[in-house]
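Participant: First the structure, then my questions, so here it is.
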Amino acid sequence: MAKFVKVAARADIPVGGKKLVEIDGVAVAVFNVNGSFYAIEDVCTHDGGNLVEGDLLGNEIECPRHGARFDVRSGAATKMPAFAPLPTYAVKVEQDNVLVETLD
Ligand code: FES
């Protein structure tokens, strides 16, 4: 069964917000899209850009380096120059805490 780790208080990531966290040594970006939380690896599949530094446009994050976009809900690449999807991680909210699936 998947284990989860607390990464933030719910209030730390308001609607439209994002936060960089580290889970088992991996940089993970956590997003709040209309009150639902999603987590993806924070490494653009085009050339390693830090996605959390880009703009969250609805349910898509735009890479600040060359403008690729990814759907934060599925990890799918939705705009060139990226083609490969990103790993996603399960997120749940318990009381006022945001928890992300650990990788081991
Ligand atoms: S590194 Fe993200 S679009 Fe190039």
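The values are calculated or read from the model by the stated rules, or taken from the named source; none is laboratory data. Please read all numbers here as calculations on a predicted model, not as lab measurements. All Cβ positions, glycine included, derive from the backbone under ideal geometry; neighbour counts span all protein chains shown. To get the accessible areas, we keep the full protein, side chains included, count just its heavy atoms, and leave off ligands, DNA and RNA. Shrake-Rupley method; radii C 1.70, N 1.55, O 1.52, S 1.80 Å.
Participant: Of these, Val7, Val98, which one is in contact with a Leu (Cβ under 8 Å, 6 or more places away or on another chain), part of a strand (DSSP E or B), in contact (Cβ under 8 Å) with a residue 60 or more places away in the chain and crowded, with 19+ Cβ neighbours inside 10 Å?
Facilitator: After applying the criteria, what remains is Val7.
Participant: With the requirement that a residue be closer than 13 Å to Val30 by Cα and charged (D, E, K, R), what does region 56-104 give you?
Facilitator: Glu60, Asp71, Arg73, Lys92, Glu101
Participant: Since Asp24 meets every condition but one in (1) within 16 Å of the ligand (Cβ to nearest atom); (2) among the acidic types (Asp, Glu); (3) open to solvent by 70 Å² or more (accessible area, probe 1.4 Å), which condition does it not meet?
Facilitator: In the conditions (1) within 16 Å of the ligand (Cβ to nearest atom); (2) among the acidic types (Asp, Glu); (3) open to solvent by 70 Å² or more (accessible area, probe 1.4 Å), Asp24 misses (1) alone.
Participant: Got a number for residues in region 10-21 being β-branched (Val, Ile, Thr), surrounded by 13 or more Cβ atoms within 10 Å (Cβ to Cβ) and either at pLDDT below 95 or in a loop (DSSP other than H, G, I, E, B) (or both)?
Facilitator: Matching residues across region 10-21 total 1.
Participant: Another question, if that's okay. Give region 37-94 a look and list any residue that's closer than 15 Å to Val15 by Cα, under 14 Å from the mean Cα position of the chain (by Cα) and open to solvent by 50 Å² or more (accessible area, probe 1.4 Å), or say none.
Facilitator: Once the filter is applied, which keeps residues that are closer than 15 Å to Val15 by Cα, under 14 Å from the mean Cα position of the chain (by Cα) and open to solvent by 50 Å² or more (accessible area, probe 1.4 Å), region 37-94 yields Tyr38, Asp55, Leu57, Gly58, Arg73.
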